[in-house]
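First up is the structure itself, then whatever we jot down about it.
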Amino acid sequence: MSFWGKPNKDSYGGVEFWHSPERCGWLNKQGDYIKTWRRRWFVMKGGKIFWFKSEIVTPDSIPRGVIDVNNCLSIKGAEDTINKPYAFEISTQTDNQFFIADSDKEKEDWINAIGRAIVKHSRSLLDHDRGDYTSN
């Protein structure tokens, strides 16, 4: 699966996005192809950020898209970049995606939550990749 776009079941990574999210809420997201703004319900859990058309999320819900936090290089405010209040940007090696929150507090809460997830998941990758050099 590509970084942006419609996910398939494999891209969920076994994450049960329908209950106990680490963070959830409404954000406006710019379309991938047609650059209009659409209001979507976002759910962050297990190193993934999912978005849906509705806040009613069940095991049968199909996300409109998913972002794997492991692919995120940075997250930062973007009001000046796109000239819209409460905007922020997620960057990867291949793409930048913009989002708009409903308030400055919501924007900061999302930036902090996603930033923490990026750090947490990058640490777990480093721990996983670190070999045991003490054994023969």
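Since every read-out is calculated from the coordinates, none of them should be taken as a lab result. On a predicted model such as this, the values are computed, not experimentally measured, just so you know. Neighbour counts run over all protein chains shown; Cβ positions are idealised from the backbone, glycine included.
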Legend entry - Gyration tensor verdict on the stretch 20-116 (Cα atoms; rounded if a/c is under 1.5, prolate if a/b is larger than b/c, oblate otherwise): rounded
Inset, instruction - Apply 1/(1 + (r/R0)^6) to the Cβ-Cβ distance of THR58 and ASP80, taking R0 = 41 Å, and write down the FRET efficiency to the nearest 0.05. - result: 0.60
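First select every other residue whose beta carbon is under 15 angstrom from the beta carbon of PHE88; then total the charges, Lys and Arg +1, Asp and Glu -1. Walk me through the intermediate numbers first.
On the way: positive: ARG23, LYS29, ARG40, LYS76, LYS84, LYS105, LYS107, ARG116; negative: GLU79, ASP80, GLU89, ASP95, ASP102, ASP104, GLU106, GLU108, ASP109.
Counting the neighbours of PHE88, the net charge comes to -1.
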Inset, instruction - Calculate, in nm to one decimal, what LYS120 and THR36 gain on full extension: separation in residues at 0.36 nm each, minus their alpha carbon distance. - result: 27.0 nm
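Less than 10 Å Cβ to Cβ from CYS24, Lys/Arg counted +1 and Asp/Glu -1: what total charge do the surrounding residues give? Walk me through the numbers before you get to the answer.
Details: positive: ARG23, LYS45; negative: GLU22, GLU55.
Residues close to CYS24 contribute a combined charge of 0.
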